[in-house]
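Everything below concerns the one structure shown next.
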């Protein structure tokens, strides 16, 4: 281990650099941090920006800093490694398995039984692990009712109420001003791109279908985006830097809405370049007026490359939803669509709060 001003620490093969104001601000002593509430007590604005410790020393496991006022800060070196910028650059916020049709089918991901899901933490944990890794997960043998579908949803999270209400029924009656409320095919897309924060998770349960067609399409948007990153890095960069507007204007019977959401197609964490959200919906993309004219054609080219990846047949997974089988989709990752259908078809579903889904996952010991 080695350190020098401002402070450079080499530990377990990781070379870390710390500003002294950061080290003072993150002190975990009883006067600076409330261990019962896991909240900071120190007034960060009271720390001098040019603060320097009067003394620095370390042993095999701990770094000790004594500040000019006599206050002592202790850091475990393992904690520093995990929480340093250099350490975070080497870590994924959420581990995932990227997939196309072949990869997903060969993984033989199992569905979770309804009662196991509702009544045991083991069943819930297995389901959430599948969801976190693949972005889709299934619960089988669910009674084909709106009420039981709602029970399944609430097992994981609070239902996110939107302009569509809490639980919604999707039929082809065009009761809402959206193509989803028809019998037409829907190309792959993510939902609620016109929200400032698109809904994080949604579920679908086919309660009834008297007709043909209507298979559901799911595509791992992160797999497609990763192909773009590998083979066309400049296009990946463009799609992650150019903000676009998405818009939903509705004027049908009692539903009057005008929603606008702004953000790039690909969203990445700046410190490790990990992709965390894809916002892709050609139906709801608004007028492109946030891009200078000399960038427009490059953006269209990059968008075309991503679209071609998303539309590769080998990347498509087709699922026939039937009564009793509930499908959950990570709306920040997995695109969904459907083929056209005939007859009466009723889909029940809702949106869930992403924060609550991840909270439940962490409480069950999963990395999320």
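The values are calculated or read from the model by the stated rules, or taken from the named source; none is laboratory data. Computed from a predicted structure; not experimentally measured. Backbone-built Cβ (ideal geometry, glycine too); neighbour counts: all protein chains shown.
In table form, for the structure just shown:
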quantity: Check on residue 298, assigned to a helix (DSSP H, G or I), surrounded by 13 or more Cβ atoms within 10 Å (Cβ to Cβ), touching a residue at least 24 places away in the same chain (Cβ under 8 Å) and over 21 Å from the mean Cα position of the chain (by Cα); calculated: yes
quantity: Among (1) crowded, with 18+ Cβ neighbours inside 10 Å; (2) not in a strand (DSSP E or B) - the single one residue 202 does not satisfy; calculated: (2)
quantity: Residue 63 more than 30 Å from residue 310 (Cα to Cα), modelled with pLDDT of 95 or more, surrounded by 13 or more Cβ atoms within 10 Å (Cβ to Cβ) and over 35 Å from the mean Cα position of the chain (by Cα); calculated: yes
quantity: Counted residues, segment 65-93 - those being in contact (Cβ under 8 Å) with a residue 40 or more places away in the chain, farther than 19 Å from residue 272 by Cβ and assigned to a loop (DSSP other than H, G, I, E, B); calculated: 2
quantity: Condition met for residue 124 (farther than 17 Å from residue 321 by Cα, under 22 Å from the mean Cα position of the chain (by Cα) and touching a residue at least 12 places away in the same chain (Cβ under 8 Å)); calculated: yes
